[in-house]
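> One structure coming up, written as structure tokens, with questions to follow.
Taken together, the values in this text are just the output of simple stated rules run on the coordinates, not laboratory data. Quantities reported herein were computed from a predicted structural model and do not represent experimental measurements. Note that we place each Cβ from the backbone using ideal geometry, even for glycine, and neighbour counts take in every protein chain shown.
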There are 4 protein chains.
Amino acid sequence: MLKQDPTDHQENLLNGYPPLKLVNRKTENEQTIVQVAGVKFGGVDIVVIAGPCSIENKEQLWAIGNSVKNSGARILRGGVYKPRTSPYSFQGLQDDGLKLLSWIRNEIGLPVVTEVMDPRKLELVCQHADMIQIGSRNMHNTPLLNEVGQIRKPVLLKRGMSATIDELLFAAEYIVKLGNNQVVLCERGIRTFETFTRFTLDISAIPLLKRLCHLPVIVDPSHGSGHWWMVPWLSKAAVAAGADGLIIEVHHDPAKALCDGGQSLLPEKFQTLMTDLKALAQVMGRKISTSEN
Amino acid sequence: MLKQDPTDHQENLLNGYPPLKLVNRKTENEQTIVQVAGVKFGGVDIVVIAGPCSIENKEQLWAIGNSVKNSGARILRGGVYKPRTSPYSFQGLQDDGLKLLSWIRNEIGLPVVTEVMDPRKLELVCQHADMIQIGSRNMHNTPLLNEVGQIRKPVLLKRGMSATIDELLFAAEYIVKLGNNQVVLCERGIRTFETFTRFTLDISAIPLLKRLCHLPVIVDPSHGSGHWWMVPWLSKAAVAAGADGLIIEVHHDPAKALCDGGQSLLPEKFQTLMTDLKALAQVMGRKISTSEN
Amino acid sequence: MLKQDPTDHQENLLNGYPPLKLVNRKTENEQTIVQVAGVKFGGVDIVVIAGPCSIENKEQLWAIGNSVKNSGARILRGGVYKPRTSPYSFQGLQDDGLKLLSWIRNEIGLPVVTEVMDPRKLELVCQHADMIQIGSRNMHNTPLLNEVGQIRKPVLLKRGMSATIDELLFAAEYIVKLGNNQVVLCERGIRTFETFTRFTLDISAIPLLKRLCHLPVIVDPSHGSGHWWMVPWLSKAAVAAGADGLIIEVHHDPAKALCDGGQSLLPEKFQTLMTDLKALAQVMGRKISTSEN
Amino acid sequence: MLKQDPTDHQENLLNGYPPLKLVNRKTENEQTIVQVAGVKFGGVDIVVIAGPCSIENKEQLWAIGNSVKNSGARILRGGVYKPRTSPYSFQGLQDDGLKLLSWIRNEIGLPVVTEVMDPRKLELVCQHADMIQIGSRNMHNTPLLNEVGQIRKPVLLKRGMSATIDELLFAAEYIVKLGNNQVVLCERGIRTFETFTRFTLDISAIPLLKRLCHLPVIVDPSHGSGHWWMVPWLSKAAVAAGADGLIIEVHHDPAKALCDGGQSLLPEKFQTLMTDLKALAQVMGRKISTSEN
């Protein structure tokens, strides 16, 4: 049991995870700041990433990209290589999607994050994206971790859907050990017996990861629930639990989305959420990151 | 997928759970208010219940009872019959503890909630307690549910540690069906593969239960994590996710607690949390329940 | 890691579970024999319990009772108090069912096992049943455990659907501590993320429980899968894994069963299974218990 | 509920999984035979694969390879690229290990199976191995699935540790869709709340996969439990549940194994197990595959 007296500066857990050497927090104030084209994760600002699950076409990307930017998202998300359960589901636009990513990035001026699954695609993706996502299904993919450890792009490392906190921290250690300390951790829901939600968002992972580790921690409430109407509630919970950011799926026409429409917010609902989050962040002694910084 | 257009008043889920007849929400604004000696669950106010895991003796109860009252708790918790894993662990003060409950209730003027496991004890407990708790290990105990359905005391029904949302709602239906609609639901963490936390607090259960059902929903961040230092973070997350209340373990000497010391907050940390929650509740359009109402 | 050399007599685990005092195995050959009206659990013989999920009426009980007896079942199962998720589901015949139990017991000469959920019913049930079942939903029900610890009837203690092996052993310890060492443990499936099966039968629980504890261990493949066609496969797996018995749901008209028809075997399929099990038991150095002993 | 009458030829589940097109069973007798250098999976014979978790050096490989061959293993397992949780753990001999694989293969005349994690290594590994393993942590790795779908080597596809049966079948569909129908499925334990075992072996996956799909199904009792002394029990259970094979870790000096020593059988214990399995297979109407076929 940790001591709760005034001199308790978390020392019981600090260094308390000996097999980790690099990503574990050694002092109370140690904090890595991860920078994505000037957007900073890990400081006072809470960064919101938003965009479609998958990039579908220019019109879709333009509509969603502009709306999330106007609502205050600092980074645009958009999948081009999609890890789908069924080979008969839409697999993403693949390489062609990357060109759309570069296009929208230049048009609206937001940095972009996209997932890489295949180490052979990493170099190509790095030419188009500002941040590389390792998805939940690849958190244990050590060849991929070893590759992103050697690049000089920030990495968004999502927790495996059945990965323990230990395993997530060790996956980050793989990357940092090879020289890339620009890693943002992401809680995105774990697999449990409950079936109403797609996954069970592990809200306690946020304070836990922040106590054990000095890397920024963000939350994906879209995959973490599978229901658009839960996303605002879970986003607020994440900020209240100390998250350094959010990654939210937004779609202007969810019913026609090629992937995950059911968990995508309409732009107007995302706008409302951003307004709510601003007030909430302030109470938490934080602020929602804006371009005016 | 639910529609997200302006006319979407949650109609897709309303009545959408046909096997339930009583506890399921039928209209958007339907909301049961549960009253415990004047303290109301389910309205704008967020009710905080606090106190020791187990009642140990008069001095302990006096110290903790007064401190949580002064910090703003509206109801005092305190276990006298403890469902312990091992028969060699402290099982609570049993019947003797009830007298202490009555004593502290009169002394400090807070209503009290305590757990009943044995239907044969229900009548006795009802003479001493203002609210009857059905614990996680007894959520499926249908004889007990049937008994509390016939009393005229409010019930705090905790989710079984591996109960689905369906099962929790059906457990409430057992109680309400017999005529007692004064039921408060409580999310307290579910059993998952993660071992850092004692249980995984299912934060999504809050918006889900509130959407499916018209009963108030509160959260137990103490059992939901097993770590005192997580309790403030999870408490804030719960309020941000829409919880109608919290039940928090507080102990003035956690190292010597006979039960669950590791997850009990010191009184001064509880005081700080209450202050923080007030500001947070306001941002959420709620307020922390106070005796000045 | 346990030593695997020729002198390794499981000593590493023996006594290796210090919080347990009574049910933990202290020597390799220690083994409790539990007797139910002459039928012995825990020896060379493998005991098969069979019968309907719920007792519905005289005709049903007569048909199923005779058929399972003729196929070689040594004990008849039949629920009268049913722990149903929904209060609108059939709750069993309650007290009336007990009379049917006594009747069939006398008619066909098989001892009977039935579940008790309410400690107030225990005395009454003991007048009609030869073995008292504590069901999965009541494994943590300590008042009930304390009651059956004080009776002189053998107890069938089912593992809670989300109980760890520790917790099951401690539940047994509650009973044995009070003087009743006639306890048979039952693995009946645990709750996991998999949804094709109703529960996930934890086959490893069998060798594990037998190594840690000296009580007999049986398996419920009916609840453990939820699918009748899996029952023969899982029954064989259980015997191959060292189980001391099986408890199998059989119904002569599953489509009309008031409870759990989908997981109940037709009598002819149960007959085939019994034949198959005889050969399998022999290979395992065991035999299926018969009345000719 | 499936019908259990004499005309019930599993028709209710056949074709009952519409999103699958290729790997789902369409008729009762449909069965894919997978051949690995003459060793056949999916027929009457039960194939045992055995060997060390990791290849460590020539002496180790020689000792273990010969002993498992002499005990009746038909295929040698040996990892060279190891997916370890920690980057500080032994990662396998990498490319150098492949040469040892080729060497032992030629020396003792057993075909070999080894895991590939990186699609860039697939071509190289195909030059040394007779069967390509996709490990549990890469079951969702679609780029890798797509690569092995295009080779002409049999694939051992292990279930992800938190993959549903659906997801495993879809992973197989990815491979078969691209033209490689030589896929053997492997149940290796799933992640649950139980901590005594490393994973929970899902024994019901065996009859379920065999009913839904026409590919052979084998079981890994070593990873499925994490304890060497459970391996014989779980191996027998797997055969009794209808498995077409086993993959078992064997080490001649488990205490010094660089990986997973705690779950590796000593050669003499493996020998005993093989003897036991022969008798068991016969009772099940099967036989343990031998080189005399």
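> Report, by chain and number, residues whose modeled amide H sits under 5 Å from the one on residue A:249, excluding near sequence neighbours (fewer than 5 apart, same chain).
A:222, A:265
> Restricting things to Cα coordinates, could you compute the convex hull volume per residue of the range B:116-223 in Å³?
94 Å³
> Next up: Per DSSP H run of at least 4 residues, take -39500 (n - 2.57); add these up for chain D, divide by its residues and hand me the 222 nm value, nearest 500 deg cm²/dmol.
Theoretical 222 nm ellipticity from helices: -9000 deg cm²/dmol.
> Another question, if that's okay. Pull up all non-local amide H partners of residue B:183: gap of 5 or more, or a different chain, and H-to-H distance under 5 Å with H placed in the peptide plane.
Hits under the 5 Å cutoff: B:155.
> Continuing with this model, one more query. Note down the Stokes-Einstein diffusion coefficient of the range B:71-120 in µm²/s, whole number, using a Kirkwood radius over alpha carbon pairs, 37 °C, and 0.692 mPa s.
The estimated diffusion coefficient comes to 275 µm²/s.
> Can you pull the one-decimal nm distance between simple spin-label points at residue B:287 and residue A:278, each 7 Å off the Cα toward Cβ?
2.6 nm
> Please report, in debye to the nearest 20, how large the charge dipole of the range C:14-98 is about its Cα centre when each Lys and Arg carries +1 at its beta carbon and each Asp and Glu carries -1 there.
In total the dipole reaches around 200 debye.
> If you take every DSSP beta bridge fully contained in the protein assembly as shown, what fraction is antiparallel? Give it as a percent rounded to 5.
15 percent
> Further, regarding this structure: Sequence gap at least 6, Cα distance under 8 Å: using those rules, report the relative contact order of chain A to the nearest whole percent.
21 percent
> Suppose R0 equals 41 Å; then what is the FRET efficiency for residue D:255 and residue D:99 from their Cβ-Cβ distance, rounded to the nearest 0.05?
Efficiency for this residue pair is about 0.95.
> Can you pull out the GluC sites (Glu not before Pro) in the range A:245-293 that DSSP calls coil and that have at most 13 other Cβ atoms within 10 Å?
Taking the range A:245-293 and a limit of 13 other Cβ atoms within 10 Å, the loop GluC sites (Glu not before Pro) found are A:292.
> What list of ³J(HN,Hα) values in whole Hz, one per residue of the range D:95-107 in order, does the Karplus curve 6.51 cos²θ - 1.76 cosθ + 1.60 (θ = phi - 60°) give from phi, with Gly and Pro shown as x?
Residue by residue, the range D:95-107 yields 3, 4, x, 4, 5, 5, 4, 4, 4, 5, 4, 6, 5 Hz.
> OK, next. Roughly how big is chain B's charge dipole about its Cα centre, with Cβ charges of +1 (Lys, Arg) and -1 (Asp, Glu), in debye to the nearest 20?
160 debye
> Inter-copy label distances at residue D:268, 7 Å along the Cα→beta-carbon direction, one decimal in nm, shortest first?
5.1, 6.3, 7.8
> Okay, moving on. For the pair residue B:195 and residue D:120, how long in nm is the line joining their label points, each one 7 Å along Cα→Cβ?
Label at residue B:195, label at residue D:120, 3.5 nm between them.
> For the charge dipole of the range A:37-147, defined by +1 on Lys and Arg C-beta atoms and -1 on Asp and Glu C-beta atoms about the Cα centroid, which residue among A:108, A:87, A:50 has the Cα displaced farthest towards the positive pole?
Result: A:50.
> Tell me, what are the semi-axes, in whole angstrom and largest first, of the equivalent ellipsoid of the range D:233-293 as set by the roots of 5 times the Cα gyration tensor eigenvalues?
24, 12, 9
> What is the Å³ per residue value for the convex hull set by the Cα atoms of the range A:35-288?
113 Å³
> To the nearest 0.05, how large is the calculated FRET efficiency for residue C:33 and residue B:35 if R₀ is 51 Å and r is the Cβ-Cβ distance?
Once rounded, the FRET efficiency stands at 0.35.
> Hey, what do the phi angles of the range A:271-281 turn into as Karplus ³J(HN,Hα) couplings, whole Hz, using 6.51/-1.76/1.60 and θ = phi - 60°, x for Gly and Pro?
Each residue of the range A:271-281 in turn: 4, 4, 4, 4, 4, 4, 5, 4, 5, 5, 4 Hz.
> ³J(HN,Hα) across the range D:243-258 via Karplus (A = 6.51, B = -1.76, C = 1.60, θ = phi - 60°), whole Hz, x for Gly/Pro?
Result, rounded to whole Hz: 5, 8, x, 9, 10, 10, 7, 10, 9, 7, 8, x, 5, 9, 4, 7.
> Separate question: Provide the FRET efficiency to the nearest 0.05 for the residue C:90-residue B:150 pair, computing r from the beta carbons and using R0 = 22 Å.
E(calc), rounded to 0.05, equals 0.55.
> 7 Å from Cα along Cα→Cβ at both residue C:178 and residue C:57: what's the point-to-point distance in nm?
3.8 nm
> Something else: With no solvent and one equal point scatterer placed on each C-alpha of the protein assembly as shown, evaluate the Debye formula and give log10 I(q)/I(0) for q = 0.10 Å⁻¹, two decimals.
For the protein assembly as shown at q = 0.10 Å⁻¹, log10 I(q)/I(0) is -1.43.
> Okay, moving on. Please report the relative contact order for the range C:113-268, taking Cα pairs under 8 Å with a sequence separation of at least 6, and give it as a percent rounded to a whole number.
15 percent
> To the nearest 20 Debye, how big is the dipole of the protein assembly as shown about its Cα centre, given +1 on the beta carbon of each Lys and Arg and -1 on that of each Asp and Glu?
0 debye
> Run through all the Cα pairs of the range A:89-157 and give the fraction in each 5 Å bin from 0, expressed as whole percent.
Once binned at 5 Å, the Cα pair distances of the range A:89-157 give 3, 17, 29, 24, 17, 8, 2, 0.
> Taking 8 Å as the Cα distance limit and 6 or more residues as the minimum spacing, I'd like the relative contact order of the range A:129-209 as a percentage.
So the answer I get is 28 percent.
> Right, something else. What's the angle, to the nearest 10 degrees (0 to 90), between helix A:231-240's Cα axis and the longest principal axis of chain A?
Rounded to the nearest ten degrees, it is 30.
> Another one. May I ask you to report, in nm to one decimal and beginning with the shortest, the distances from residue B:123 to the same position in the other copies, taking label points 7 Å along Cα-to-Cβ?
1.4, 8.3, 8.4
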